[in-house]
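The structure is given below, and queries will be raised subsequently.
The values are calculated or read from the model by the stated rules, or taken from the named source; none is laboratory data. Predicted model, so just to flag it, every value in this text is computed and none were measured. As a convention, Cβ positions derive from the backbone with ideal geometry for all residues, glycine included, and neighbour counts pool all protein chains shown. Accessible surface is based on the protein model in full, side chains and every heavy atom, while ligands, DNA and RNA are left aside. Shrake-Rupley method; radii C 1.70, N 1.55, O 1.52, S 1.80 Å.
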Amino acid sequence: MGLSHSAFSMQELNDYETLTYLTKKEILHVHERFSNLNPSAVKQNKNAKLPFETVSELKLNPFNDQIMKVFSVSGDGITFEDFLDMMSVFSDRAPQSVKAEYAFRIYDFDEDDMISQNDLKMVIQRLAGKNSFSEEQMQHMIDNILKEADLDGDKKLSFAEFEHAIFKAPDFVNSFRIQL
């Protein structure tokens, strides 16, 4: 496998493989991608913390700040292990239930463990990009989402309701991934 030039021992690679949905080869590839974000910083410090804005994989994602917030342990930058966790969850082998858990956290803007109408509004605004909707159109979309997914009628989505709705969406798994 060419580990003589690897930044990791075989034990570290085995541990990372056990803790992620990635193979050793993919872990080395993820480390290479992370190292390329700031080669000098990573070369000097294996545990370097890089600024969020350096993560090119997410530059065009409308939820990039939320994704960084969810995956960053410290909240003020991203370490290799944070990046590895993110790439593992966004990999093809991550189970749909794990993807749903992280998607819920990303869409829960106010971090109250519920997807509220305000959270849904933020999701729609970010997905629409520069397109804007009238308040009436926005409320209509939110009402339709809640009509379909809010099983207990409390006008917000619990994780169970969110997961139930996501599992019915055939494109969810394909949209919640980053190609390695």
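Among the candidates F133, F104, single out the residue that is touching a residue at least 24 places away in the same chain (Cβ under 8 Å) and aromatic (F, W, Y). Lay out the reasoning, then the answer.
Numbers: F133 fails: touching a residue at least 24 places away in the same chain (Cβ under 8 Å).
Testing whether each residue is touching a residue at least 24 places away in the same chain (Cβ under 8 Å) and aromatic (F, W, Y) leaves just F104.
Determine if the stretch 163-180 includes at least one residue that is hydrophobic (A, V, I, L, M, F, W, C) and at pLDDT 95 or above.
Among the residues of the stretch 163-180, not one is hydrophobic (A, V, I, L, M, F, W, C) and at pLDDT 95 or above, which makes the answer no.
Could you say which residue among F90, F80, F167, F162 is surrounded by fewer than 16 Cβ atoms within 10 Å (Cβ to Cβ) and hydrophobic (A, V, I, L, M, F, W, C)?
Among F90, F80, F167, F162, only F167 is surrounded by fewer than 16 Cβ atoms within 10 Å (Cβ to Cβ) and hydrophobic (A, V, I, L, M, F, W, C).
Checking Y107 against (1) within 18 Å of Y21 (Cα to Cα); (2) hydroxyl-bearing (S, T, Y); (3) open to solvent by 10 Å² or more (accessible area, probe 1.4 Å), which test does it fail?
Condition (1) is where Y107 drops out.
Follow-up. Is at least one residue of the stretch 55-76 open to solvent by 50 Å² or more (accessible area, probe 1.4 Å), over 28 Å from A128 (Cα atoms), among the small types (G, A, S) and in a loop (DSSP other than H, G, I, E, B)?
Yes - at least one qualifying residue is present in the stretch 55-76.
Do you know which residues across the stretch 123-143 are within 30 Å of R33 (Cα to Cα) and either surrounded by fewer than 17 Cβ atoms within 10 Å (Cβ to Cβ) or touching an Asp or Glu at 6+ places or on another chain (Cβ under 9 Å) (or both)?
R126, L127, A128, G129
Please enumerate the residues belonging to the stretch 59-91 that are within 22 Å of Q125 (Cα to Cα) and either touching a residue at least 60 places away in the same chain (Cβ under 8 Å) or basic (K, R) (or both).
Matches in the stretch 59-91: K59, P62, F63, K69.
Of these, L146, L151, which one is in contact with an Asp or Glu (Cβ under 8 Å, 6 or more places away or on another chain) and either over 30 Å from V30 (Cα atoms) or assigned to a loop (DSSP other than H, G, I, E, B) (or both)?
So the residue among L146, L151 that is in contact with an Asp or Glu (Cβ under 8 Å, 6 or more places away or on another chain) and either over 30 Å from V30 (Cα atoms) or assigned to a loop (DSSP other than H, G, I, E, B) (or both) is L151.
Right, something else. In the stretch 12-24, what residues are open to solvent by 50 Å² or more (accessible area, probe 1.4 Å) and at pLDDT 95 or above?
Correct list: N14, D15, E17, T18, L19, Y21, T23.
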